[in-house]
1. Consider region 112-143. How many of its residues are closer than 21 Å to Leu60 by Cα and touching an Asp or Glu at 6+ places or on another chain (Cβ under 7 Å)?
2. So, in region 136-150, of the ones that are touching a residue at least 60 places away in the same chain (Cβ under 8 Å) and within 15 Å of the ligand (Cβ to nearest atom), which residue ends up most open to solvent (accessible area, probe 1.4 Å)?
3. Looking only at strands (runs of 3 or more DSSP E) that lie completely in region 217-303, which have at least 2 residues being within 14 Å of the ligand (Cβ to nearest atom) and out of contact with any His (no Cβ under 9 Å at 6 or more places or on another chain)?
4. With respect to Ala324, is the statement that it is in a helix (DSSP H, G or I), modelled with pLDDT under 95 and open to solvent by 30 Å² or more (accessible area, probe 1.4 Å) true?
5. In region 330-359, how many are outside any helix (DSSP H, G or I) and under 18 Å from Tyr107 (Cβ atoms)?
6. Only residues in region 151-167 that are open to solvent by less than 20 Å² (accessible area, probe 1.4 Å) count as the first member; pair them with residues that are among the hydroxyl-bearing types (Ser, Thr, Tyr), Cβ under 7 angstrom, at least 6 apart or cross-chain, and list the lot.
7. Tell me which of these Glu66 doesn't satisfy, since it passes every other one: (1) more than 10 Å from the ligand (Cβ to nearest atom); (2) within 26 Å of Val292 (Cα to Cα); (3) open to solvent by 10 Å² or more (accessible area, probe 1.4 Å).
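The values are calculated or read from the model by the stated rules, or taken from the named source; none is laboratory data. Source: prediction; values computed, not measured. For neighbour counting, all protein chains shown are included, and Cβ atoms are generated from backbone atoms with ideal geometry for every residue, glycine included. Surface areas here come from the heavy atoms of the whole protein model, side chains and all, with no ligands, DNA or RNA. Shrake-Rupley method; radii C 1.70, N 1.55, O 1.52, S 1.80 Å.
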Amino acid sequence: MNAAMSNKPRFAVIGAGIGGLALAGLLSRAGAKVRVYEQAAAFQRIGAGIQMGPNAMRVLRALGLEPLLRRLAFYPPAWANRVWDTGEFLFELTYGAESEARYGAPYLLMHRGDLHAALFSAVPAEAIAYQKKLVDLTRTASGVTLRFADGSSAEADAVIGADGVHSRVREILLGPERPKFTGQVAHRTVFPSALIKGITVDTCTKWWGPDRHIVIYPVNPARTEIYFVTSVPDPSWDVESWSAKGDMAEVLAAFVGFHAEVQRVLEACPQVNKWALFERDPLPRWADGPVVLLGDACHPMTPYMAQGAANALEDAAVLSRCIAAADGGDIADAFRRFEATRLERTARIQLTSRQNTWGKERIDPGWVYGYDAWATPIADARAAAE
Ligand SMILES: Cc1cc2nc3c(=O)[nH]c(=O)nc-3n(C[C@H](O)[C@H](O)[C@H](O)COP(=O)(O)OP(=O)(O)OC[C@H]3O[C@@H](n4cnc5c(N)ncnc54)[C@H](O)[C@@H]3O)c2cc1C
């Protein structure tokens, strides 16, 4: 290794989720030294769908993943918003070719496992360490020491906490404070569309009930797999685990009286997972010296605009730009500039998402989908701190 190589800062990314992998992929492509530490023992294909809007696809494009995802994903004509019982159409967010021409990138609906696997393929396998649950961070004269639950430790010059809504890095940086349980739970699952009798699911539809909703869409081009995700009041149940099973009888009971199309989908569904929905108020800061937060670790939001992962991807792109601009120099300043560039947008999306009105009435989604993380001006950290 030559001297220039060995002087490059070593970045540690905590969490191999959507944001952490995207950042690691972008930094690796730029020739940076990066290592990802993930608490899980291996990658798991989770049964869920995910929407990737044009703002997210621009980041995935830079990672070289767009052709693969276009092959794997469903290309919806629209996101239809309908009244829960009558089926009346409230408003349609137009996707497909019209939206792609406007934003210069597609809107795709995919299996979350396909997205996650694609992101893994963008990171060198040797850069990811599994079964490394971060328990502590200590600043040293030469950087940061990471300590893991298995008793091991590692050194880095800078640390990015991409460790999700219950972020340990956030806790170390800003003190203990649990994210807020919204009182709503999401049931979600992917299952074969062949099981559904009498109807064809060929677009994305959100069925709006008085205090609950369900979103249903295909996750592959042949529409052989269908995903649904609910939001149902259940204030006593705040468990957030991918393995927590829901009860289909409970889901059917929660959607009694919903339109026949919803009933057909629910009747066909063999099993479901149940997931408590958490969020936070916007945080005042995400960066402190050589440590910074990214994605759900700093701006967890309700899934009602389908923008949580998209914003983690935007973060990854902007942070990679700030790091590149620092050119191995002042990383703490790069982190502050990242925070200053991103805070206002993510706070606006968090607060808009919380209202759960997106698409219920006529809106122009341009401010969300039109955002280009590669072109947005990078803020001056000092100006933002004043
Ligand atoms: C029901 C539902 C539907 C959604 N639908 C959409 C959608 O359609 N579109 C969209 O854009 N977003 C959607 N989201 C939001 C999206 O899932 C999240 O915003 C996104 O996963 C955040 O990515 P992240 O990388 O910040 O965190 P995560 O993806 O949660 O990744 C965090 C990673 O860190 C690891 N980790 C945690 N703690 C530690 C530790 N101490 N040490 C080491 N590793 C650790 C975890 O194991 C995990 O791998 C949805 C969310 C929900 C709940």
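1. Residues that pass the stated criteria total 1.
2. Looking at the filtered set, the residue picked out is Ala149.
3. Of the strands (runs of 3 or more DSSP E) lying wholly inside region 217-303, those with at least 2 residues that are within 14 Å of the ligand (Cβ to nearest atom) and out of contact with any His (no Cβ under 9 Å at 6 or more places or on another chain) span 240-245, 273-279, 291-293.
4. no
5. Here the count works out to 2.
6. The qualifying pairs are Gly161/Ser167.
7. Here Glu66 clears every test but (2).
Each row is one residue, and each column tells you yes or no for (1) open to solvent by less than 10 Å² (accessible area, probe 1.4 Å); (2) over 30 Å from Ser153 (Cβ atoms); (3) within 12 Å of the ligand (Cβ to nearest atom).
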| residue | (1), (2), (3) |
| --- | --- |
| Lys8 | no, no, no |
| Ser28 | no, no, no |
| Glu38 | no, no, yes |
| Arg58 | no, yes, no |
| Ala62 | no, yes, no |
